[in-house]
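The values are calculated or read from the model by the stated rules, or taken from the named source; none is laboratory data. Computed from a predicted structure; not experimentally measured. Using ideal geometry, Cβ is built from the backbone for each residue, glycine included, and neighbour counts are taken over all protein chains shown. SASA here: full protein model, heavy atoms, side chains in, ligands and nucleic acids out. Shrake-Rupley method; radii C 1.70, N 1.55, O 1.52, S 1.80 Å.
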Amino acid sequence: MNSIAAYFDRRQLAHAPLQELHNGGWTAYAEKASRAEQIAASFPDLRPVRDYGLEPLLQVHDRDYVEFLRSAHSDWRAAGRSGDAIGYTWPVVRRRRLKLDRIDARLGRYSYDAATPIAEGTWEASYWSAQTALTALAAILDGEMRSSFALCPPPAHHSGRDYCGGYCYLNNTAIAAEQARRSGRRVAILDIDYHHGNGTQDIFYEDPDVLFVSIHADPATDYPFFWGHAEERGEGAGAGKTLNLPLPQGTDIEAYGRALDEALGAVRAHKADLLVLSYGADTFEEDPISHFRLRRSDYRTIAGRIAALDLPVLIVMEGGYAIDALALNVGELLSGFVAEPKDADLIPQ
Ligand SMILES: [Zn+2]
């Protein structure tokens, strides 16, 4: 159904936590493997993923964090625990550098919430999710594809240099963006998940070369609360290279389209020659944990508008929890990248 190259590796399905802390109680883990399986089943010709090793991951993430992710579940078991490794105590910022060995302390040190349990297969799945983003990027850098789609569970954009959070462990989006920059590309990241991409923002916050633009639910009312406010614009050499466009709950395509125009204007002003699109389908009107009012057909409109930038686009899958609608929503977005350019005119101004 889609004529855009899509990449996925079944080892990404190894991540299967049992439960998460939500609204004061334990509930079934929302970022479940069936999300990816629904989308994967809609592609007749998923392309194989190559292994680029740890090096590109370590260009973004701290080595001690990566080593923590690799060993956290076995360390948890070695401490006599069953189930998933999950933190329950978090340091205040100035105590984060304390080196403590106990697994419970390290779970707090390297995470910021209780929504990110580490299960037996979490490292394997996260590793291959990052390789999927790198493989999809390589198809663009090698000139094989104009644009490509990385089906990336676990998702990426809440994970920072040395922390996991919000269902995210390795930041596939940032890893691909950094790899593209090191290949000489001028990179802009546009994050259109419902939630703010705090991890991606943190990674590039002082970076003058990589633009980060995000359209998301106002963090005054929505997760991740402590990032994504309009006044966050980057720091140091990166001042002005972060743009946050928070929108209220209930936003429909009209207001969304105006924010998208502003976001695309910033991408143009940055003179990017490659766009990394963090795509979350949790802006969909039927998403069970989110509160925007985008309809399925809006994704085609949004994609057409982004395609009108006339840039190569690496699309990296982030959130989206209306599982039965997920494959259709992804298909609608991708169709906007292969449609005639005139479709870009359909967005309300
Ligand atoms: Zn989200």
Taking the range 297-342 and keeping residues within 16 Å of the ligand (Cβ to nearest atom), crowded, with 22+ Cβ neighbours inside 10 Å and touching a residue at least 40 places away in the same chain (Cβ under 8 Å) leaves I302, I315, V316, M317, E318, G319, G320, L326, N329, V330, L333
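Which one of R296, R268 is touching a helix residue (DSSP H, G or I) at 6+ places or on another chain (Cβ under 6 Å), basic (K, R) and more than 20 Å from W227 (Cα to Cα)? Spell out how you get there, then give the answer.
On the way: R268 fails: touching a helix residue (DSSP H, G or I) at 6+ places or on another chain (Cβ under 6 Å).
Within the list R296, R268, the selection yields R296.
Quick check on Y169: is it aromatic (F, W, Y), buried (at least 24 other Cβ atoms within 10 Å of the Cβ) and closer than 23 Å to R293 by Cα? Even if it seems obvious, please write down each step before you answer.
On the way: aromatic (F, W, Y): yes; buried (at least 24 other Cβ atoms within 10 Å of the Cβ): yes; closer than 23 Å to R293 by Cα: no.
Answer is no for this residue.
If you take the residues in the range 109-158 that are in a helix (DSSP H, G or I), away from the ligand (no atom under 16 Å from the Cβ) and among the polar types (S, T, N, Q), which one is surrounded by the fewest Cβ atoms within 10 Å (Cβ to Cβ)? Give the steps one after another, and end with the answer.
First, pick out the residues of the range 109-158 that are in a helix (DSSP H, G or I): 109, 122-141.
Add one more test, that the residue is away from the ligand (no atom under 16 Å from the Cβ), and what stays is 109, 122-128, 130-141.
Keeping just the survivors that are among the polar types (S, T, N, Q) gives 122, 126, 131-132, 135.
Numbers: T122: 25, S126: 30, Q131: 26, T132: 30, T135: 23.
Once the filter is applied, the top-ranked residue is T135.
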Here's a check for you: in the range 189-214, which residue that is part of a strand (DSSP E or B) and away from the ligand (no atom under 12 Å from the Cβ) is surrounded by the fewest Cβ atoms within 10 Å (Cβ to Cβ)? L190
So which residues in the range 31-53 are open to solvent by less than 50 Å² (accessible area, probe 1.4 Å) and either modelled with pLDDT of 95 or more or farther than 12 Å from L326 by Cα (or both), if there are any at all? E31, A33, F43, V49, G53
Which listed residue, of G250, G228, G234, is at positive phi, surrounded by 24 or more Cβ atoms within 10 Å (Cβ to Cβ) and without any contact (Cβ under 8 Å) to a residue 60 or more places away in the chain: G228
Given (1) of a type in the set (D, E, K, R); (2) without any contact (Cβ under 8 Å) to a residue 60 or more places away in the chain; (3) within 29 Å of D252 (Cα to Cα), identify the lone condition not met by R181. (3)
In the range 181-188, is there at least one residue being over 16 Å from the mean Cα position of the chain (by Cα), open to solvent by 10 Å² or more (accessible area, probe 1.4 Å) and farther than 28 Å from D142 by Cα? no
Using beta carbons and a limit of 9 Å, which pairs, at least six apart or on different chains, have the first residue in the range 198-221 and over 21 Å from L170 (Cβ atoms) and the second one open to solvent by 10 Å² or more (accessible area, probe 1.4 Å) and among the acidic types (D, E)? V213/E262; I215/E262
